[in-house]
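> Structure below; questions to follow.
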Amino acid sequence: MKAVVYHGPGQMAWEEVAKPTLQHDTDAIVRVDSVTICGTDLHILKGDVPEVTDGRILGHEAVGTVESVGSGVMRVKPGDRVLISCISACGTCRFCREGRYGLCVGGGGWVLGHLIDGTQAEYVRVPFVDTSTHLVPAGASDEEVLMLADILPTAYEVGVVNGHIGPGDVVAIVGVGPIGLAAITGARLFSPSHIVAIDITDSRLEIAKQFGADVTVNDRRDDALRAVHELTGGLGADVAIEAVGTPAAFERTVELARPGGHIANIGVHGEPSTLHLETLWPRDVTITTGLVDTYSTPTLLRLVSSNQIDATRFVTHRFALDDFETAYDAFSRPGETGAVKVVASAS
Ligand SMILES: [Zn+2]
Ligand SMILES: [Zn+2]
């Protein structure tokens, strides 16, 4: 079969590899029908995620059809269409029992395309398949559910819920790539009074408006802090969300929050950021970080099924699996290509 194989920073290829086989009795082998590329994959290619080693198949988000299952699998059966979550869950460790699957210490957590081979392939071995996949609702297309593998639960749990967004809040979102757009989507479920989208690329700010941001600021040209203060009588945002993963973006996000406000970091960071405690200590802010747990995926699936979230609007580019390298190129140059999310599908 063929797969996207990582060969060190800056190097990947769609190349021939061995088809995966069942290794544990709770595994399944799933034929990948549709798969996407994550901003995290670009962080891996930049060398920000050093646990990913040469030879690893990338990808942690897919919709596929189950081909075979191990003898210990109870729920999932061959022929099922499943959403493969970015987080695997052993289901029995302390953290899984608390619904904190992202922290799983029983062999799950974020392992696909990270510590074990991932989904950007014709076939993938999914560990703990009963507790790590969701059945695709009857009648739903791949594209309607694919964004629930990662970006929608990530933005919802780590940005919206951790940030405690409530009705009437002013929400500032730094970075409106796919995760920032997903944060806008999740924030709108809670009726904030304003969503301020902040980026340095005008085309992305235009898309943020379509997703429901009512104020957009190009922070290279204009001053996001002034814009947020104008909306809030000089106080700052109730909730400030970091959706980039750079020191500059994190430090900017912290500046935007009001005293007593919430700062929710979603970005994947590859280097240290400065935490200005010399100014923050009397401001009563709450700063949260997190890897998604995906406890919200069933809720989000219901919202997709009832048309309260349109997850297909993220998809701007479509490719065949064999064109994976072109898909990566389009996704990695969003300023020129206008890509939000790209989908590669089996023919
Ligand atoms: Zn991801
Ligand atoms: Zn676990």
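> Taking the highest mean first, how do the peptides 115-121, 88-94, 209-215, 18-24 order by number of other beta carbon atoms within 10 angstrom per residue?
Going by the mean number of other Cβ atoms within 10 Å, highest first, we get 115-121, 88-94, 209-215, 18-24.
> Moving to a separate point now. Charges on Cβ only, +1 for Lys and Arg, -1 for Asp and Glu, centred on the Cα centroid of region 124-209; of F128, P167, I179, which one is farthest towards the dipole's positive end?
P167
> Let me ask something else. To the nearest whole percent, what portion of all C-alpha pairs in region 83-230 is separated by more than 24 angstrom?
I get 44 percent for the Cα pairs in region 83-230 exceeding 24 Å.
> Mind grabbing the base-10 log of I(q)/I(0) for region 1-47 at q = 0.15, 0.21, 0.24 Å⁻¹? Debye formula, identical points on the C-alpha positions, no solvent, two decimal places.
-0.55, -0.92, -1.01
> Let me ask something additional. Which shape class, rounded, prolate or oblate, goes with region 1-155 when its Cα gyration tensor gives a ≥ b ≥ c as root eigenvalues, a/c under 1.5 marks rounded, and past that a/b bigger than b/c marks prolate?
Rounded.
> Moving on. Relative to the Cα centre, what is the charge dipole magnitude of the chain, using +1 at the beta carbon of each Lys and Arg, -1 at the beta carbon of each Asp and Glu, and rounding to the nearest 20 debye?
Dipole size: approximately 620 debye.
> Please enumerate, by chain and number, the aspartates and glutamates with C-alpha under 17 Å from the C-alpha of K19, excluding those fewer than 8 residues away in the same chain.
D27, D33, E67, D117, E122, D322
> Let me check I've understood the local charge: for L303, count other residues with C-beta under 13 angstrom from its C-beta, Lys and Arg +1, Asp and Glu -1. What total comes out?
Neighbour charge sum, excluding L303 itself: 0.
> Whole angstrom only: what separates the Cα centroid of region 75-104 from the Cα centroid of region 315-347?
So the separation of the two Cα centres works out to 28 Å.
> Related question: Please state the Cα pair-distance histogram of region 164-286 with 5 angstrom bins from zero: what percent is in each bin?
For region 164-286, the binned pair fractions read 2, 13, 24, 26, 21, 10, 3, 0 percent.
> What is the Cα centroid distance between region 206-279 and region 105-133, reported in whole angstrom?
If we compute the Cα centre of each part, the gap is 33 Å.
> Note the per residue figure in Å³ for the convex hull of the C-alpha positions in region 147-189.
58 Å³
> For the ranges 335-345, 178-188, what's the packing order if you count other beta-carbon atoms within 10 Å of each residue, average per peptide, and put the highest first?
178-188, 335-345
> Just to confirm the filter: which GluC sites (Glu not before Pro) across region 24-97 are DSSP coil and have at most 13 other Cβ within 10 angstrom of their Cβ?
E51
> Per residue, how much accessible area does the chain have with a 1.4 Å probe, in Å²?
With the other protein chains kept in place, the chain gives 41 Å² per residue.
> Tell me the accessible surface of F190 in square angstrom (1.4 angstrom probe, heavy atoms of protein chains only), to the nearest ten.
60 Å²
> Restricting things to Cα coordinates, could you compute the convex hull volume per residue of region 282-347 in Å³?
Measuring per residue, one finds 187 Å³ for the Cα hull of region 282-347.
> For the chain, just the Cα set please: Rg and Dmax, both in angstrom.
Rg, Dmax (Cα atoms, Å): 19.7, 62.
> Between D284 and T312, what length in nm is gained on full extension when 0.36 nm per residue of separation is reduced by their alpha carbon distance?
Additional length available on full extension: 6.2 nm.
> Output the antiparallel fraction of DSSP beta bridges having both residues in the chain, as a percent to the nearest 5.
Beta bridges within the chain, antiparallel portion: roughly 50 percent.
> Then there is this: For a label point 7 angstrom out from the Cα of E251 toward its Cβ, which stretches of region 276-296 have the backbone nitrogen within less than 15 Å?
276-280
> In the chain, carbon and sulfur make up what percent of the accessible area (probe 1.4 Å)?
The nonpolar share, carbon plus sulfur, comes to 51 percent.
The values are calculated or read from the model by the stated rules, or taken from the named source; none is laboratory data. Please read all numbers here as calculations on a predicted model, not as lab measurements. Glycine also receives a Cβ, built like all others from the backbone with ideal geometry; neighbour counts cover every protein chain displayed. Ligands, DNA and RNA are excluded from the accessible area calculation, which covers all protein heavy atoms including side chains. Shrake-Rupley method; radii C 1.70, N 1.55, O 1.52, S 1.80 Å.
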